[in-house]
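The values are calculated or read from the model by the stated rules, or taken from the named source; none is laboratory data. Computed from a prediction, not measured in an experiment: that's the story for all the values here. Cβ sites come from the backbone with ideal geometry, for glycine too, and all protein chains shown count toward neighbours.
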Amino acid sequence: MKINNKKEKQKFLELNIKDICSYALATYNNHTEAIWITRYQDHCEDGNDWFLEAPCELRRFEFEDDSDKEIREYVMELYEEEYIEEGIKYVKSMIRDGWLYEIYNPQTGPFLPEMLDDLTLISEEYCLEWMLNNS
């Protein structure tokens, strides 16, 4: 969606980010980049939510054996038992060609301009694919 000013961006984010966060593709100045947007509820003095953007950086770790057994063992070391199955699904979605990817979002100050040629919310898996194909 084209964003013409700060107020439009605020309204778009309030209407479309229902949870705590979302990945997005932001296009401005003939450049598109993947970003992470976090929602802070009732953070502003006027009672509005505050949305903080962060850049996305890919990190990768060697993960040659992507068998179900290896993924389960890896996840069991990191996740509490009640989240094992969810963790397995997540890790499988982030493995590509012998690498386990992580999308790192360093905390920065706001950096997006008020006017955006396009702002599209996307899933983490789509973000990974986009970053792999556009880096």
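Kindly evaluate residue 119 against the criterion of being under 30 Å from residue 10 (Cα atoms), in contact with a strand residue (DSSP E or B) (Cβ under 6 Å, 6 or more places away or on another chain) and of a type outside the set (Ser, Thr, Tyr). Walk me through it before giving the result.
Details: under 30 Å from residue 10 (Cα atoms): yes; in contact with a strand residue (DSSP E or B) (Cβ under 6 Å, 6 or more places away or on another chain): yes; of a type outside the set (Ser, Thr, Tyr): yes.
Yes, satisfied.
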Starting from residues that are part of a strand (DSSP E or B), surrounded by fewer than 18 Cβ atoms within 10 Å (Cβ to Cβ) and in contact with a helix residue (DSSP H, G or I) (Cβ under 8 Å, 6 or more places away or on another chain), keep the ones in the stretch 21-73 and report whichever is modelled with the lowest pLDDT. 39
Criterion first (in contact with a Gly (Cβ under 7 Å, 6 or more places away or on another chain) and farther than 17 Å from residue 36 by Cβ) does residue 73 satisfy it? no
Which residues, taken from the stretch 91-135, are among the polar types (S, T, N, Q) and in a helix (DSSP H, G or I)? 93, 133, 134
For the structure I just gave you, tell me whether residue 132 is farther than 30 Å from residue 7 by Cβ, over 13 Å from the mean Cα position of the chain (by Cα), surrounded by fewer than 16 Cβ atoms within 10 Å (Cβ to Cβ) and at pLDDT 95 or above. yes
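I'm checking my understanding of the structure. Among residues of the stretch 83-126 that are of a type in the set (Phe, Trp, Tyr) and over 17 Å from the mean Cα position of the chain (by Cα), which one is surrounded by the most Cβ atoms within 10 Å (Cβ to Cβ)?
Within the stretch 83-126, the subset of a type in the set (Phe, Trp, Tyr) is 83, 90, 99, 101, 104, 111, 126.
Within this subset, residues satisfying the condition of being over 17 Å from the mean Cα position of the chain (by Cα) are 83, 99.
Values: 83: 12, 99: 16.
So, considering only residues that are of a type in the set (Phe, Trp, Tyr) and over 17 Å from the mean Cα position of the chain (by Cα), the one surrounded by the most Cβ atoms within 10 Å (Cβ to Cβ) is 99.
Can you name every residue in the stretch 2-20 that is in a loop (DSSP other than H, G, I, E, B), of a type in the set (A, V, I, L, M) and exposed (fewer than 12 other Cβ atoms within 10 Å of the Cβ)?
Of the stretch 2-20, the ones in a loop (DSSP other than H, G, I, E, B) are 2, 4-5, 17-20.
Keeping just the survivors that are of a type in the set (A, V, I, L, M) gives 17, 20.
Selection gives 20 alone.
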